[in-house]
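See below for the structure under consideration.
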Amino acid sequence: MLVLGIESSCDETGVALYSDKDGLIDHSVNSQVDLFKEYGGVIPEIAARDHSNKIIKILKNVLKENDIEIDQVDLIAYTAGPGLIGSLMIGETVAKTIAKIKNIEIMPVHHLEGHILAPGIENKSLRPPYLCLLVSGGHTQIIDCNDYGQYSILGETIDDACGEAFDKVGKLLRLEYPGGPKVAELAKKGDCKRFNFPRALTKSKNLNFSFSGLKTSVLYEMESLKETDYADVAASFQAAVVDVLVTKLSWALEESNHRKLICSGGVAANEMLREQLDKLAKKMEIDVYYPSLELCTDNAAMIAYVGYIRKSKNLEGYDAKFSKPRWPLGELYA
Ligand code: KG4
Ligand code: ZN
């Protein structure tokens, strides 16, 4: 089975090829980050236009470089949501058009299922059940992944997503967009104990997160600081975020009895988070898995992989004939 994956939910245009025989054959991502640096965030209209300008070229290149003809593809899996509607519709239109002309089967894919299953692309023996920490620019969730296609959310953010908090603090620290990787870089030079930023919702064993107060504390603290203090702010902020994520995960692991933990989404690229999760895993005698750095952020490899898993396991299809900008994981089949 050869699967073509297409991802265009936000500001990355991705195309991938995955086969049952060879695994991930290739994937290509065009990030729009440079387009949005001057705005400090994604502008939906510009994102959609850029997907539309690039997607066919990326698709043709991936096929050509791997000596594969479109007629060899058995299934086209594309991201149907959640995401920006204009961006989603570009991937949807390309997928549906090729499928129609070439008479190829098509499958809409939930973007978050892509992140949840992504570590399995490079770890062939990894399969659910496992606990998943999903940390991206739009989501912060602890998910009980009981089996393929069976996910329940144990906790999630009640305000900002974890990556969003990194990006907002990046802005306060006058770092380039997206702030996450830059804050992490600056944090390496700082003292993470200098400021004791709040760890929200950790007084009782609550699995939800809140990051908006943390960002406000950083803002207030910075009013009396100079630029030479910024590395300490970055380090202390990062320590507070990682501390909360790890604390809540330890509670979720205790409660759920999972022996495997996976962490994915853009923030899973964060080195300090990985170090602390490795420590937690060692302490709790469980295994922890991450996608490689390039598969942490948005990509089509994870979308093709979900297509392959869903097709080969004959899972119930989602009800997503048209792209769904809002599509909670709890309503996968609704
Ligand atoms: O999963 P992703 O590519 O896109 C979404 O679906 O949101 O995640 C992007 C997010 C951004 O907020 C970015 O700042 C953050 O992941 N990020 C990081 C790091 N690398 C990316 N945050 C903290 N540390 C990093 N090393
Ligand atoms: Zn994502």
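The values are calculated or read from the model by the stated rules, or taken from the named source; none is laboratory data. All values reported here derive from a predicted model rather than from experimental measurement. Every residue, glycine among them, receives a Cβ derived from its backbone with ideal geometry; neighbour counts consider all protein chains shown. Accessible surface is based on the protein model in full, side chains and every heavy atom, while ligands, DNA and RNA are left aside. Shrake-Rupley method; radii C 1.70, N 1.55, O 1.52, S 1.80 Å.
Tabulated data for the structure shown
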item: Probe 1.4 Å, accessible area per residue of the chain, Å²; result: 45
item: Reachable lysines from LYS260, criterion Cα separation under 25 angstrom, eight or more residues apart if same chain; result: LYS124, LYS205, LYS248, LYS279, LYS282, LYS283, LYS311, LYS313
item: Per principal axis, descending, Cα span of the stretch 1-65 in whole Å; result: 43, 17, 15
item: Computed [θ] at 222 nm, helices only, for the chain once each DSSP H run of length n ≥ 4 contributes -39500 (n - 2.57); result: -13500 deg cm²/dmol
item: Local electrostatic count, ASP20, Cβ distance below 11 Å [Lys/Arg +1, Asp/Glu -1]; result: 0
item: Model label zone, GLU227; criterion: amide N under 17 Å from point 7 Å along Cα-to-beta-carbon; scope the stretch 140-172; result: 170-172
item: Positive-end residue of ILE101, GLY114, SER87, charge dipole of the stretch 56-119 with Cβ unit charges; result: SER87
item: Calculated on alpha-carbon atoms, Rg and Dmax of the stretch 57-200 in Å; result: 19.6, 61
item: Mean separation of Cα contacts under 8 Å, 6 or more apart, over the residue count of the chain: relative contact order %; result: 24
item: Fraction of accessible area attributable to carbon and sulfur, the chain (%, probe 1.4 Å); result: 48
item: Filtered GluC sites (Glu not before Pro), the stretch 226-297: DSSP coil and at most 13 other beta carbons within 10 Å; result: GLU285
item: Spin-label pair GLU316/LYS124, simplified geometry with 7 Å Cα→Cβ offset, distance in nm; result: 3.2
item: Cα-based equivalent ellipsoid, the chain: semi-axes from gyration tensor eigenvalues, Å; result: 34, 23, 16
item: Nearest-ten-degree value, helix 85-102 long axis tilted from longest Cα axis of the chain; result: 20
item: Among the listed pairs LYS57/LYS168; LYS21/LYS57; LYS37/LYS189; LYS203/LYS324; LYS168/LYS203; LYS37/LYS100, those beyond 31 Å (Cα-Cα); result: LYS57/LYS168; LYS203/LYS324; LYS37/LYS100
item: Rounded to the nearest 10 Å², the accessible area of TRP251 at probe 1.4 Å; result: 30
item: Viscosity 1.306 mPa s, temperature 10 °C, Stokes-Einstein D of the stretch 217-296 from Kirkwood C-alpha radius, µm²/s; result: 112
item: Separation in nanometres of the label points that stand 7 Å from Cα toward Cβ, at ASP287 and ASP67; result: 3.4
item: Mean separation of Cα contacts under 8 Å (6+ apart) over length of the stretch 1-141, as relative contact order %; result: 25
item: For the stretch 163-168, 3J(HN,Hα) per residue [Karplus equation, 6.51 cos²θ - 1.76 cosθ + 1.60, θ = phi - 60°, Hz, x = Gly/Pro]; result: x, 4, 4, 4, 5, 5
item: Low-density loop cleavage sites - GluC sites (Glu not before Pro) in the stretch 44-137, where at most 12 other Cβ are within 10 Å (DSSP); result: GLU69
item: Karplus-derived 3J(HN,Hα), 6.51/-1.76/1.60, for each residue of the stretch 28-41, Hz, glycine and proline x; result: 9, 10, 10, 8, 8, 3, 4, 5, 9, 4, 5, 8, x, x
item: Sequence-distant residues sharing a close amide H with ILE106 (under 5 Å, placed H); result: ILE76
item: Net charge of Cβ neighbours under 11 Å - reference GLY155; Lys, Arg +1; Asp, Glu -1; result: -1
item: Label-to-label distance, nm, for residues given as TYR333 and LEU219 (7 Å Cα→Cβ offset); result: 4.3
item: Those trypsin sites (Lys or Arg not before Pro) in the stretch 284-320 that DSSP places in a loop and that have at most 15 other beta carbons within 10 Å; result: LYS313
